[in-house]
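Encoded as structure tokens, the structure appears first; notes follow it.
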Amino acid sequence: MEDALQRTGKDITHIYNSHADTIYKVCFMMLKNVVDAEEATQTVFLKLMRSGPTFRDTEHEKAWLIVTARNHCKNMLRHWWRRLRVTLEESDQKQLSEEIRHDDLLDEVLSLPEKYRLPIYLHYYEGYSTKEIADMLSIKEPTIRTRLHTGRKLLKLSIGGERYE
Amino acid sequence: MNEKELIARMSKLGPSKKQKERMLSRILSQEARKKPPLRRSVKIAIPAIGCAVLSMALVFPVFFKADPAIPSLTALQQVQPTTFTVTPRSMPLSVSLGPLKMLNYNGYRYTFLNDGAPFDLTDRTPRAGDKLGTLQYDLKSDMENGGKNGYAVLDYATTYLLGGTIYQLQGYDPAFRLAVEHEGRYYIVQLSGRTDNSVIPAGDYAEAAELARLTKEIDIMNHSGSVQLHVLHRKKDIREWIGMFSQSETAVNRDREADEQWAKAQSEGKSYLAKLRLKDGTAIDMFVVPELGMAAIGDNRYILPESFSEAYADLFHNP
């Protein structure tokens, strides 16, 4: 059965303008691919349009979008077809992301194993605490701390512990 | 690298203004639903995949022959007619209200699909030889009178469509689904439990419903089904899910405390709906409470194996 659209274009535009940057970055951090990150971002906002969840506030709304984006990207990553396609598309992708390609430091971040990339992004860029990330990703807080610690080590990040400990 | 450099690099990830406009316009026009034109690399991949599939088609039968433990798919197809689409028709308003619509047959309790809506069985109209009996005991009235007649455990007792005729439904194990004809219209009932309230083993349910063969995808949703959290659509994932569910133990000797725990989990949003969407367009609702390590289908409650909780822990969380 086709779902009825729960939110109007105006509503979705407003939400999109508030969170598109974050959601796209979450998708990119997971998928490392411009085309797929765009597709995933669109899908997340379409899900929001169709499912019509109600939110307590903007933060709740943002958290929902991040979790949905993460789940959708995980699904995409699991798909055998994507794994095969991404290998074949590597050369295309390099052309699509010139700016990113020439940035060695960004390359380092994107070269981190998947499980470290998202916590690093959510903690350092979005400013979420380890507890908030743990709640959002349904992973135990000590695990998040360990992942941040290992991620920092791998990046040779010259900063101390988590900011919100 | 220091934190400032890290943040500066991440801000470069995009999206650019142009990208944002492009994505928004696709979202608003729902163009994202349409498939993009095939890219060069995809065009290269398609023949490669075609060859791979062909090779697999040639190689797999050899493996199946070599391993006697794997059942022959051909034999299954011979005894099980192909699946078909059952399309619910609009339900008359007069029947859309009232208690749970169910019937008893052969010691099992069945509930009416789609809350008792009739189905279009034009291509699968039951034959006279498929007749299994007539619904003759008014379970609804008996329940209203405190169950004095004991119809709750009696075959052919029903809360709905009294006088209807039960038929075997072609393509399904009668232990899972049956058809009911009433005033020229057909209805479908689905196994929900046993009339003696004992729990149907998970493996038996999965086998009767042919979950591994018929399930097309599994939607993980919040308890009410209003928010989709995850979808399993790969055959491998679906089979793994069903395989692990089939190993569940039956939750016997349920006491009031267990029921209260279950209800509490539901009210606190710790219960999730896993909608098993079948190839015939219908669905089976499975409720999962990860915190309790339990699941329910119909009237049956199960203790999930630890492997299930470990494998799917990250699927169950409300945003």
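Of the helices (runs of 4 or more DSSP H) entirely within the range B:186-269, those holding at least 1 residues that are within 15 Å of the chain's Cα centre (by Cα), within 20 Å of residue B:312 (Cβ to Cβ) and modelled with pLDDT of 90 or more occupy B:202-208, B:211-214, B:235-246.
Every listed requirement among (1) open to solvent by 20 Å² or more (accessible area, probe 1.4 Å); (2) without any contact (Cβ under 8 Å) to a residue 60 or more places away in the chain; (3) touching a strand residue (DSSP E or B) at 6+ places or on another chain (Cβ under 8 Å) is met by residue B:318 save one, (2). Residues in the range B:293-305 that are surrounded by fewer than 20 Cβ atoms within 10 Å (Cβ to Cβ) and under 9 Å from residue B:248 (Cα atoms): B:303, B:305. Just one of (1) free of Cβ contacts under 8 Å to residues at least 60 places away in the same chain; (2) open to solvent by less than 50 Å² (accessible area, probe 1.4 Å) fails for residue B:156. It is (2). Taking the criterion of being within 10 Å of chain B (Cβ to nearest Cβ) and not β-branched (Val, Ile, Thr), the residues of the range A:100-116 that qualify are A:103, A:104, A:105, A:106, A:107, A:108, A:110. Selection of the range B:286-308 for residues being of a type in the set (Ser, Thr, Tyr) and touching a Phe, Trp or Tyr at 6+ places or on another chain (Cβ under 9 Å) yields only B:302.
Yes or no, residue by residue, for (1) touching a residue at least 40 places away in the same chain (Cβ under 8 Å); (2) open to solvent by 20 Å² or more (accessible area, probe 1.4 Å):
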site	(1), (2)
B:162	no, yes
B:173	no, yes
B:178	yes, no
B:187	yes, no
B:210	yes, yes
B:218	yes, no
B:230	yes, no
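Does residue A:44 qualify as being in contact (Cβ under 8 Å) with a residue 40 or more places away in the chain, under 12 Å from the mean Cα position of the chain (by Cα) and more than 9 Å from chain B (Cβ to nearest Cβ)? No, not satisfied.
Residues checked against (1) over 28 Å from residue A:118 (Cα atoms); (2) more than 8 Å from chain A (Cβ to nearest Cβ); (3) modelled with pLDDT of 80 or more; (4) in a helix (DSSP H, G or I):
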site	(1), (2), (3), (4)
B:4	no, yes, no, yes
B:26	no, no, yes, yes
B:37	yes, yes, no, no
B:46	yes, yes, no, yes
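For (1) crowded, with 16+ Cβ neighbours inside 10 Å; (2) within 12 Å of the chain's Cα centre (by Cα); (3) within 17 Å of residue A:30 (Cα to Cα), each residue gets a yes or a no:
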residue	(1), (2), (3)
A:107	no, no, yes
A:111	no, no, yes
A:114	no, yes, yes
A:124	yes, no, yes
A:127	no, no, no
A:139	yes, no, yes
A:145	yes, no, no
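Once the range A:150-165 is narrowed to residues that are more than 18 Å from residue A:28 (Cβ to Cβ), more than 9 Å from chain B (Cβ to nearest Cβ) and surrounded by 15 or more Cβ atoms within 10 Å (Cβ to Cβ), the residue that is modelled with the highest pLDDT is A:150. Condition check: surrounded by 20 or more Cβ atoms within 10 Å (Cβ to Cβ) and touching a residue at least 24 places away in the same chain (Cβ under 8 Å). Does residue A:35 satisfy that? Answer is no for this residue. For the range B:275-292, does any single residue satisfy the condition of being open to solvent by less than 20 Å² (accessible area, probe 1.4 Å) and assigned to a loop (DSSP other than H, G, I, E, B)? Yes, the range B:275-292 has at least one match. Please indicate, with yes or no, whether at least one residue in the range B:129-142 is open to solvent by 40 Å² or more (accessible area, probe 1.4 Å), out of contact with any Pro (no Cβ under 8 Å at 6 or more places or on another chain) and in contact (Cβ under 8 Å) with a residue 40 or more places away in the chain. No: zero hits.
The values are calculated or read from the model by the stated rules, or taken from the named source; none is laboratory data. It should be emphasised that the depicted structure is a prediction, and the values quoted were computed from it without experimental measurement. In this analysis, Cβ positions are derived from the backbone assuming ideal geometry, glycine residues included, and neighbour counts consider all displayed protein chains. To get the accessible areas, we keep the full protein, side chains included, count just its heavy atoms, and leave off ligands, DNA and RNA. Shrake-Rupley method; radii C 1.70, N 1.55, O 1.52, S 1.80 Å.
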